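Written out below as structure tokens is the structure these notes cover.
The values are calculated or read from the model by the stated rules, or taken from the named source; none is laboratory data. Just so it is clear, the model here is predicted, and its values are computed rather than measured. Using ideal geometry, Cβ is built from the backbone for each residue, glycine included, and neighbour counts are taken over all protein chains shown. Heads up: the accessible areas ignore ligands, DNA and RNA and are worked out on the full protein's heavy atoms, side chains in. Shrake-Rupley method; radii C 1.70, N 1.55, O 1.52, S 1.80 Å.
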Amino acid sequence: MIGTQVAKVVESRNDKYSPGDLVVSNFGWVTHTISDGFQRWGDKDGPVLKLDPAVHSSPSTALGVLGMPGATSYFGFLEICKPKEGETLVVNAAAGAVGSLVGQIAKLKGCRVVGFAGSDAKVKYMLGLGFDAAYNYKKVESLDAAIKESCPNGVDLFFDNVGGEFFEVTLSNMNEFGHVSICGAISLYNATEKPKFGSVSDVILFKQLKVEGFIVSRWLEQWPKAFKEISGWIQEGKVKYDEHITEGFENMFEAFTGLFTGDNTGKAVVKI
């Protein structure tokens with residue numbers, strides 16, 4: 001089973017790695033790995049990444065806020081949404097590892113931030129991170145009304161982790177020349193029937209929206225730069241993060257399926 005893992009080097013014939021080094025790579029659900037020091041990151045080949053103790057004060061952060069999810073938030077928001085001070089952002093799945101960091105980066109850039117997640121506890125968490133408004137999407141009578149209420153001047157930026165109906169409704173509330181970053185479509189991953197979609201082509205056309213999907217390995221060479229800046233924000237108290245930790249290799253599957261039922265706040269991590 002695929003999965004990203006922090007591992008300790010126990011033996012090495014590669015002069016770039018020494019016994020005791022901590023590394024992060026897509027080793028999967030295994031206890032031991034033999035590696036040549038390279039692997040596939042999304043759609044790119046790249047090195048097994050060695051953790052920098054000056055950046056990764058806790059090894060688990062290399063799986064979350066200072067790992068691939070952190071890079072996803074950083075580049076997916078800054079490079080695609082290109083935020084400007086005073087703009088309004090809507091982000092869904094906003095209590096997760098990616099969405100929660102996107103919202104905080106947006107606040108650092110002077111944006112109004114509106115988040116959606118799947119529980120009252122997550123609403124409280126988002127507000128604690130500094131979001132201007134937060135909703136439990138399972139309880140709102142109308143998603144459209146909630147967006148209009150919290151975004152009286154319309155939506156300028158949309159970071160989408162969910163897809164489906166959420167994508168359609170948010171696009172209809174966007175301002176001209178808005179930017180949409182498509183990171184995921186979790187509402188569709190386990191669909192048992194082909195979803196029905198309304199047409200958004202006319203909305204994109206007449207509002208002249210920029211809508212772009214991305215795979216974060218596009219910026220693989222720049223990941224260390226992102227981690228260094230995010231680490232600085234954490235040390236300055238400008239960014240907070242949470243981890244949902246499950247103990248035990250034998251509980252890996254339970255931790256994984258919890259991702260699809262909204263069990264986790266922040267990054268889901270399994271500690272071996």
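Angle of helix 223-235 to the longest C-alpha principal axis of the chain, folded into 0 to 90 degrees and rounded to 10: 80°.
Which percent of the accessible heavy-atom area of segment 102-197 goes to carbon and sulfur, probe 1.4 angstrom? Exposed carbon and sulfur together represent 52 percent of the surface.
Remark on segment 27-118: Rg and Dmax equal 15.9, 50 Å (Cα only).
Under the combined filter of DSSP loop state and at most 16 neighbouring Cβ atoms within 10 Å, segment 1-73 retains these chymotrypsin sites (Phe, Trp or Tyr not before Pro): Trp29.
Ordering Tyr137, Ile234, Asn190 by Cα displacement along the dipole of segment 129-254 toward the positive end leaves Ile234 in first place; charges were set at the Cβ atoms of Lys, Arg (+1) and Asp, Glu (-1). Pairs over the 19 Å Cα-Cα cut-off, from the set Lys122/Lys240; Lys44/Lys271; Lys148/Lys194; Lys8/Lys50; Lys50/Lys225; Lys84/Lys210: Lys44/Lys271; Lys148/Lys194.
Among the trypsin sites (Lys or Arg not before Pro) within segment 192-241, those in coil by DSSP and having at most 12 neighbouring Cβ atoms inside 10 Å are Lys196. Legend: residues Met68, Met252, Met1, sorted from most to least accessible area (1.4 Å probe; ligands, DNA and RNA excluded), read Met1, Met68, Met252. The mean of 1/r over all distinct Cα pairs in segment 58-188, once inverted, gives the Kirkwood hydrodynamic radius of 14.4 Å.
Between the entries (i) 59, 39, 33; (ii) 171, 31, 24; (iii) 52, 52, 36, the label attached to Cα extents along the principal axes in Å calculated for this structure is (i). Taking every DSSP helix (H) stretch of at least 4 residues in the chain, weighting each as -39,500 (n - 2.57) and dividing the sum by the residue count yields a mean residue ellipticity at 222 nm of -7500 deg cm²/dmol. Taking the DSSP beta bridges with both ends in the chain, the antiparallel portion is around 25 percent. Hey, what angle do you get for helix 97-108 against the long axis of the chain, alpha-carbon based, 0 to 90 degrees rounded to 10? Once rounded, one gets 60 degrees.
Taking amide H positions as placed 1.01 Å from N in the peptide plane, with prolines and chain starts having none, which residues 5 or more places from Ile245, or on another chain, fall under 5 Å of its amide H? HN-HN under 5 Å from Ile245: Val269. Near Leu63, once Lys and Arg are set to +1 and Asp and Glu to -1 for all other residues with Cβ below 11 Å from its Cβ, the sum equals +1. Starting from the Cα gyration tensor of segment 166-272, take the square roots of the eigenvalues, sort them a ≥ b ≥ c, and report rounded, prolate or oblate (rounded when a/c is under 1.5, otherwise prolate if a/b is larger than b/c, else oblate). Because a/c hits 1.5 or more and a/b fails to exceed b/c, segment 166-272 counts as oblate. Using a cutoff of 8 angstrom between alpha carbon atoms and counting only pairs six or more residues apart, the relative contact order for segment 3-118 works out to 18 percent. First check a/c for segment 157-223, with a ≥ b ≥ c the square roots of the eigenvalues of its C-alpha gyration tensor; if it is under 1.5, answer rounded, and if not, answer prolate when a/b is larger than b/c or oblate otherwise. Oblate shape, in that a/c is at least 1.5 and b/c is the bigger or equal ratio.
In the context of the full set of protein chains, residues of the chain present 53 Å² of accessible surface per residue (probe radius 1.4 Å, heavy atoms only). Only Cα pairs under 8 Å and 6+ residues apart enter the sum, and on that basis the relative contact order of the chain stands at 17 percent.
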